[in-house]
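Participant: Encoded as structure tokens, here's the structure I'll be asking about.
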Amino acid sequence: MTYRAPLRDIAFTLRSVADADALMGESFPDFDADVLNAVLEAAGQFSEGVLAPLNRVGDQKGALYANGAVTAAPGFADAYRQFAEGGWTGLAAPAHVGGQALPKALELAAYETVHSANMAFGLCPMLSLAAIEALEAVGTDAQKQTWLTRLVSGEWTGAMVLTEPHAGTDLGSLTATATPNADGTYALNGQKIFITWGDHDATDNIVHMVLARLPDAPPGPKGISLFLASKFLLNADGSLGARNAFRPVGIEHKLGIHASPTCVMSYEGATAELVGRPNEGLAHMFVMMNAARLAVGVEGVGIAERAYQGALAYAQERRQGRSVWTGETNAPIIDHPDVRRMLSVMKAKIAAARALCLSTAVAADLARTTIDEDLRRRWKGREDLFVPIAKAWSTDVGCEVASMGLQVHGGMGFIEETGAAQHYRDARIAPIYEGTNGVQAMDLVGRKLSQDGGAAAKALIAEMKTTCGELKRLYSGKPVERFVNAVEAVEDATLWLLDAKTDPARAADVLAAADAYLKLLGDVVGGWLMAKGALAAKAQMETGVGDPAWLQGRMDLYEVYAANVLGHASSRLAAIGQGGALLQRMTPDVLGA
């Protein structure tokens, strides 16, 4: 099926839910409503016209590896060149390195359409954006001039090079080495795995951001440094020189995203330069990781939207059975209540995940640009709290919606030709990317929740309680009660965790609660944002702005969400309190066959 960028949904979410209008003016002088609409319109056109038609062939043909080199899937190299020419990698980059200095929130909103249209393609520029963030934060002026400008222009692409065969998520155990050369450069040696778009033929050069150890580095995470190595070395005049001493030794055969080459890379004395300070590479890499985590959350939104559109189209075309509403025989299956329920829940969860990701991005933009120190600290606290939730909860939504989309198709969903199976396969990697969702949950309860004494979480709860009061102007009964009860569940769980974290003997209880707490917070923050959207829609209706039927739909979607998601808050709360002792008793003997 074809893809249509949901520009009205995205624009409404940006402005009326995520409060992107707060970025217009002092924070981003060149950003206004006209720019917002123009960027989204252009992104939608490119994604619909160029990227979406390549999605199916990319899945079927995939990237190819032969003779130590990777060739992109058919049409992808040309599509990337058009993407770069359009300036899409420079939307949020600073003007002094060739960027457009627009908000990150707008960039992520535009990239949702890219990930919807072709998730495998979107992974390539997404990693360039992460490399841009790291170089802008800790690179030298010379590195910014040499490497950053070409990443921002899209002339070259970037890659994050972290994982090793024995290390996985435990980056502190990596063994790749960087030995100083006489000229101030370093010689990189080691093997890395799972390197997304680590090699390809879409650009002339690829910039690898690599974690490795110096010879005198202390063991563990405190002995990791960050290095930059490019596929081709540069001559003195900046032109491309000899091939650097690293290469792909193969690409992985994966469940999905077949057009995204996941490379095994071998570094054999490759020439590299240090980025940032020695032995602080993990902290520097987290600049990239945080950017990538939020971007992966948007991937979840994008693939969910694509799966939803396919399911909606199929439900309107497929005829079977009698409609309980119209009495029509051989009715479209969208007239069966269970199918309509699935589609409604899919739509509501996508709206909530989109709002969560874009609200996180707006908080990040305000944290970077707000002059008032107290406000800046508040927005930074909101960003830190939301990033693990946006990444984990939104990618879980991507998988859930893709699965429901397959279910709407019935048996035809299990057949590759409908496309539903590809969305399901592609979506499954996102909860694993950039730290599994379990790692995000541990980060949330282990660091983000208590790093400010719980101030960010308590401020969020206070805001949600305010919205509870406002919501009573629109609804009565269950839609309000479910939200009130859900916010109370978040408050109870938050205070319980903050108290538990003060007692080292309860560490296992805290970690046992992590996943359920993240999911509870995601559910309830999603409900809060849906409520904000319903309130904004009602206000626009009252002032005669917008399409009344569409705005009423935003209000109805909140009710769907409240009934189908917020009602589960009590079960989430029960899982939070299960305790570590219970899990400790679940030994291999108990879990075995």
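Residues are listed down the side, and each one gets a yes or a no for (1) surrounded by 15 or more Cβ atoms within 10 Å (Cβ to Cβ); (2) under 17 Å from W528 (Cβ atoms); (3) among the aromatic types (F, W, Y):
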residue	(1), (2), (3)
A455	no, no, no
L460	yes, yes, no
T467	yes, yes, no
R482	yes, yes, no
A486	yes, yes, no
A489	yes, yes, no
A500	yes, no, no
D503	no, no, no
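Participant: Right, next: Could you run through segment 335-369 and say how many residues are open to solvent by 30 Å² or more (accessible area, probe 1.4 Å) and either over 23 Å from the mean Cα position of the chain (by Cα) or under 30 Å from M404 (Cβ atoms) (or both)?
Facilitator: Qualifying residue count, segment 335-369: 7.
Participant: Counting only residues that are open to solvent by 40 Å² or more (accessible area, probe 1.4 Å) and farther than 22 Å from L375 by Cα, how many does segment 11-29 have?
Facilitator: So the answer is 0.
Participant: Still on this structure, please answer the following. Go through (1) hydrophobic (A, V, I, L, M, F, W, C); (2) modelled with pLDDT of 95 or more; (3) more than 27 Å from the chain's Cα centre (by Cα) for V439 and report which single condition fails.
Facilitator: Unmet condition: (3).
Participant: Would you say V560 is under 21 Å from A493 (Cβ atoms), touching a residue at least 24 places away in the same chain (Cβ under 8 Å), part of a helix (DSSP H, G or I) and β-branched (V, I, T)?
Facilitator: No, not satisfied.
Participant: Residues that are open to solvent by 40 Å² or more (accessible area, probe 1.4 Å): find the strands (runs of 3 or more DSSP E) completely inside segment 217-308 holding 2 or more of those.
Facilitator: Qualifying strands (runs of 3 or more DSSP E): 232-234, 240-243, 246-251, 262-275.
Participant: Determine whether T203 is β-branched (V, I, T), out of contact with any Asp or Glu (no Cβ under 6 Å at 6 or more places or on another chain) and part of a loop (DSSP other than H, G, I, E, B).
Facilitator: yes
Participant: Given the options G90, G75, G58, G68, name the one that is modelled with pLDDT of 95 or more and surrounded by fewer than 24 Cβ atoms within 10 Å (Cβ to Cβ).
Facilitator: Residue meeting the stated conditions: G75.
Participant: Looking at this structure, is A537 more than 15 Å from K349 (Cα to Cα), part of a helix (DSSP H, G or I) and in contact with a Lys or Arg (Cβ under 7 Å, 6 or more places away or on another chain)?
Facilitator: yes
Participant: Here's a follow-up. Which condition number in (1) closer than 17 Å to D9 by Cβ; (2) of a type in the set (V, I, T); (3) assigned to a helix (DSSP H, G or I) is the one that V525 fails?
Facilitator: (1)
Participant: Okay, moving on. Determine which member of the set E164, E133 is surrounded by fewer than 24 Cβ atoms within 10 Å (Cβ to Cβ), farther than 23 Å from H96 by Cα and either in contact (Cβ under 8 Å) with a residue 12 or more places away in the chain or over 20 Å from the mean Cα position of the chain (by Cα) (or both).
Facilitator: Criteria check complete, one pass: E164.
Participant: Take the residues in segment 421-449 that are of a type in the set (G, A, S) and in contact with a Ser or Thr (Cβ under 9 Å, 6 or more places away or on another chain), then tell me which one is surrounded by the most Cβ atoms within 10 Å (Cβ to Cβ).
Facilitator: Residue satisfying both the conditions and the ranking: A430.
Participant: Right, next: Quick one: what pairs do we get from segment 176-203, first residue touching a residue at least 24 places away in the same chain (Cβ under 8 Å) and at negative phi, second acidic (D, E) and not in a strand (DSSP E or B), C-beta under 7 Å, 6+ apart or different chains?
Facilitator: Between residues of segment 176-203 that are touching a residue at least 24 places away in the same chain (Cβ under 8 Å) and at negative phi and residues that are acidic (D, E) and not in a strand (DSSP E or B), the close pairs are A176/E164; Q191/E164; K192/E164; I193/E164; T203/E155.
Participant: Does A313 satisfy the criteria of being open to solvent by less than 10 Å² (accessible area, probe 1.4 Å) and assigned to a helix (DSSP H, G or I)?
Facilitator: no
Participant: Check whether at least one residue in segment 504-521 is out of contact with any Cys (no Cβ under 9 Å at 6 or more places or on another chain), within 24 Å of V17 (Cβ to Cβ) and among the charged types (D, E, K, R), and report yes or no.
Facilitator: Yes, segment 504-521 contains at least one residue that is out of contact with any Cys (no Cβ under 9 Å at 6 or more places or on another chain), within 24 Å of V17 (Cβ to Cβ) and among the charged types (D, E, K, R).
Participant: For segment 194-216, which residues satisfy the criterion of being touching a Phe, Trp or Tyr at 6+ places or on another chain (Cβ under 6 Å) and either within 16 Å of G122 (Cα to Cα) or open to solvent by 10 Å² or more (accessible area, probe 1.4 Å) (or both)?
Facilitator: Within segment 194-216, A202, T203 meet the criteria.
Participant: Which numbered condition trips up T395, out of (1) touching a residue at least 12 places away in the same chain (Cβ under 8 Å); (2) farther than 24 Å from K347 by Cβ; (3) not small (G, A, S)?
Facilitator: It fails just one condition, (2).
Participant: Restricting attention to segment 98-116, which residues are touching a Phe, Trp or Tyr at 6+ places or on another chain (Cβ under 9 Å), small (G, A, S) and under 17 Å from A84 (Cα atoms)?
Facilitator: A101, A110
Participant: Select from segment 147-158 the residues that are open to solvent by 50 Å² or more (accessible area, probe 1.4 Å) and within 16 Å of P94 (Cβ to Cβ) and list them in ascending order.
Facilitator: The answer is R150, S153.
Participant: Moving to a separate point now. Checking the conditions here, which among A531, A549 is modelled with pLDDT of 95 or more, in a helix (DSSP H, G or I) and open to solvent by 10 Å² or more (accessible area, probe 1.4 Å)?
Facilitator: None of the other options fit; the residue is A549.
Participant: Additional query: Run down A18, A5 and say which single residue is at pLDDT 95 or above, out of contact with any Lys or Arg (no Cβ under 8 Å at 6 or more places or on another chain) and more than 30 Å from K254 (Cβ to Cβ).
Facilitator: A18
Participant: Of the conditions (1) touching a Ser or Thr at 6+ places or on another chain (Cβ under 9 Å); (2) part of a helix (DSSP H, G or I); (3) among the small types (G, A, S), A493 satisfies every one except a single condition; which number is it?
Facilitator: Checking A493 against (1) touching a Ser or Thr at 6+ places or on another chain (Cβ under 9 Å); (2) part of a helix (DSSP H, G or I); (3) among the small types (G, A, S), the one that fails is (1).
Participant: Any residue that is over 30 Å from G75 (Cα atoms), part of a strand (DSSP E or B) and in contact with a strand residue (DSSP E or B) (Cβ under 6 Å, 6 or more places away or on another chain) - is there at least one of those in segment 151-167?
Facilitator: Looking for residues that are over 30 Å from G75 (Cα atoms), part of a strand (DSSP E or B) and in contact with a strand residue (DSSP E or B) (Cβ under 6 Å, 6 or more places away or on another chain), one finds none in segment 151-167, hence no.
The values are calculated or read from the model by the stated rules, or taken from the named source; none is laboratory data. All of these numbers come straight from a predicted model, not from anything done at the bench. Cβ: placed from backbone, ideal geometry, glycine included. Neighbour counts: every protein chain shown. SASA here: full protein model, heavy atoms, side chains in, ligands and nucleic acids out. Shrake-Rupley method; radii C 1.70, N 1.55, O 1.52, S 1.80 Å.
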